[in-house]
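**Q** Sharing a structure here in structure tokens format.
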Amino acid sequence: MSDGREVPHLPPGTVLDLGADDWRYGDQRLRLMVEFVRLDLSRYYDNEWVWISGQRLARDGSPLGHLDALVRVAALPGGPTTDGNGASRGNGTSHGNGAATGRARGHRRSANR
């Protein structure tokens with residue numbers, strides 16, 4: 001927290017589209033509708049990662065069940081634009097329906113994703 005990193009506000013209902021590298025303990029893309037953000041725990045990750053509780057969503061938006069995900073703050077809409085090494089990071093965008101998505105396109109990917 002001493003370096004000024006902040007976790008952006010994510011109201012319940014915000015939809016995040018996350019790449020496989022943007023959340024831990026998963027090896028695939030994740031679409032997550034936010035229910036609750038654990039700001040109390042993000043300080044343990046120097047505000048670089050935050051626990052988000054929500055509903056995992058299918059591509060068509062149907063719910064797939066509850067999931068607690070440790071998410072990279074730089075991948076969140078309104079998150080910082082650089083990572084800890086000063087590399088440029090993308091930010092989320094807002095959809096016309098009011099749902100926001102995390103960084104979903106335009107960053108490094110391996111050929112098999």
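Where a number appears in this text, it was derived from the coordinates with a stated rule and is not lab data. These numbers were taken from a predicted model, which means no experiment stands behind them. Methodologically, a virtual Cβ is constructed for each residue, glycine included, from the backbone with ideal geometry; neighbour enumeration extends over all protein chains shown.
**Q** Contact list please: Cβ distance under 8 Å, first residue in segment 29-43 and without any contact (Cβ under 8 Å) to a residue 12 or more places away in the chain, second residue part of a strand (DSSP E or B) and surrounded by fewer than 20 Cβ atoms within 10 Å (Cβ to Cβ), pairs at least six apart or on different chains.
**A** Correct list of pairs: 41/51.
**Q** Can you tell me which of (1) out of contact with any Gly (no Cβ under 8 Å at 6 or more places or on another chain); (2) surrounded by 15 or more Cβ atoms within 10 Å (Cβ to Cβ) is the one residue 27 doesn't meet?
**A** (2)
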